[in-house]
Amino acid sequence: DPHQPPIYLFFSEISTEGLLKALRLGVKECFTYPIHPEEFQEALKRLPPPLPAPEVQEATRLISLLGCKGGVGTTFLTVNLGYLLAQEGTGSVLLVDLDLRYGQMVYFLDVKPQYTLAEVIDNVEHLDASYLQSLMYQYDKNLQVLPAPARLEEAEGVTPERLEAVLRFLQRMKTYSHILVDAGHHLDEISLKALELADQLVLVTNQTIPALSNTKKLLEILELLGLSPGDLQIWLNAWQKTGELSLEDVTKFLGREVKGVVAAAVQEVAVSINEGAPLVKTAPNLAVCRDLKTLAQSFRQAGAVRGEPEGRWGWLNFFRRPKKT
């Protein structure tokens, strides 16, 4: 990367103070003089592989997925849908883990990224397309990941204003065909910002009374906040046709049509999560994977993104956390 070349440094004698200064300056490797060729070659091998040149997209669709409660499968859906969209080869896809409390997307993909959302937020005032690309974890050719902060204290730096700046910048880059945001399962000022900026909002629920009850409450809150009905879809995950509640029962209870249904596959889904591999990659012929392909197809057929929103929710301040004194 000509904009961010790796820095190697050599000393006549390495000291602790010298190493600390080198680390702060972004030095990748330190050598003592004379430098042995084999040591230098090993250092070169440790460099991360170069990222593929991003393809510029005509428009970037931002899709936010919000769980009605924990355990309904929001992260599972986000990861698998993102993988499917990326495999089409029509553009890059970015997965953003915005579950600041319990973000676990890295485990669903079995990756250990060097950077997280915390680094992006810390440098929000100096955003640059090349620099931003270097912070993303490259899962494969067309799929990148921006994980949630690793520690809770790092999440404190994520504010609605900074998040908005990052998401809008990512959309204006036109590098990605889709940005999928896992908004977690808490309705707060951060998740609300992700929902507000989204071109499509997916509310994830399942076939249980507690989940459906939470979903109904969320629908009422979102309606109060002025979210347009056309922007929102309800998806039922882990659906069982033989369950006590029929699809008609669910629709009647919620007062809204269910747009997406994903079949249950408890054991297979658990294995894919524990192994850290998307289920649509390891077992594409399962009923659950066929349902996911149908939902991914609906994203592809969606219209062009709208212009930057002006902030549709005047009630956003209701969810503001009290400022520390």
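Yes/no per residue for (1) at pLDDT 80 or above; (2) more than 29 Å from the chain's Cα centre (by Cα); (3) of a type in the set (Lys, Arg):
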residue	(1), (2), (3)
Ser12	no, yes, no
Thr16	no, yes, no
Cys30	yes, yes, no
Ala43	yes, yes, no
Gln57	no, no, no
Lys69	yes, no, yes
Gly82	yes, no, no
Gln87	yes, no, no
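Would you mention how many residues in region 257-289 are open to solvent by 70 Å² or more (accessible area, probe 1.4 Å) and part of a loop (DSSP other than H, G, I, E, B)? Walk me through how you get there before you give the answer.
Narrowing region 257-289 to residues open to solvent by 70 Å² or more (accessible area, probe 1.4 Å): 257, 259, 266-268, 274-275, 281-282, 285.
Filter again for part of a loop (DSSP other than H, G, I, E, B), leaving 257, 259, 285.
Summing the residues that are open to solvent by 70 Å² or more (accessible area, probe 1.4 Å) and part of a loop (DSSP other than H, G, I, E, B) in region 257-289 gives 3.
Of Gln200, Gln138, which residue is within 20 Å of Glu119 (Cβ to Cβ) and open to solvent by 10 Å² or more (accessible area, probe 1.4 Å)? Talk me through it step by step, then tell me what you get.
Details: Gln200 fails: within 20 Å of Glu119 (Cβ to Cβ).
Matching residue, one of Gln200, Gln138: Gln138.
Of the residues Ala264, Ala283, Ala270, only one is more than 16 Å from Val79 (Cα to Cα), out of contact with any His (no Cβ under 8 Å at 6 or more places or on another chain), at pLDDT 95 or above and not aromatic (Phe, Trp, Tyr); which? Even if it seems obvious, please write down each step before you answer.
Numbers: Ala283 fails: more than 16 Å from Val79 (Cα to Cα); Ala270 fails: more than 16 Å from Val79 (Cα to Cα).
Only one candidate qualifies: Ala264.
Show the residue pairs meeting these rules: Cβ distance below 9 Å; 6+ apart or different chains; first residue within region 97-119 and assigned by the TED database to the domain that holds Gly71 and touching a residue at least 40 places away in the same chain (Cβ under 8 Å); second residue open to solvent by 90 Å² or more (accessible area, probe 1.4 Å) and polar (S, T, N, Q).
What qualifies is Asp97/Gln104; Tyr107/Asn274.
Here's a check for you: in region 210-231, which residue that is open to solvent by 40 Å² or more (accessible area, probe 1.4 Å), assigned to a helix (DSSP H, G or I) and over 13 Å from Leu254 (Cβ atoms) is modelled with the highest pLDDT?
It comes out as Pro210.
Which one of these does Leu94 not meet: (1) of a type in the set (A, V, I, L, M); (2) open to solvent by less than 50 Å² (accessible area, probe 1.4 Å); (3) over 23 Å from Lys293 (Cβ atoms)?
Going through the list (1) of a type in the set (A, V, I, L, M); (2) open to solvent by less than 50 Å² (accessible area, probe 1.4 Å); (3) over 23 Å from Lys293 (Cβ atoms), Leu94 breaks only (3).
The values are calculated or read from the model by the stated rules, or taken from the named source; none is laboratory data. The shown structure was predicted, so the numbers you read here are calculated from the model rather than taken from an experiment. Counting neighbours? That spans all protein chains shown, and the Cβs are built from the backbone with ideal geometry, glycine included. Heads up: the accessible areas ignore ligands, DNA and RNA and are worked out on the full protein's heavy atoms, side chains in. Shrake-Rupley method; radii C 1.70, N 1.55, O 1.52, S 1.80 Å.
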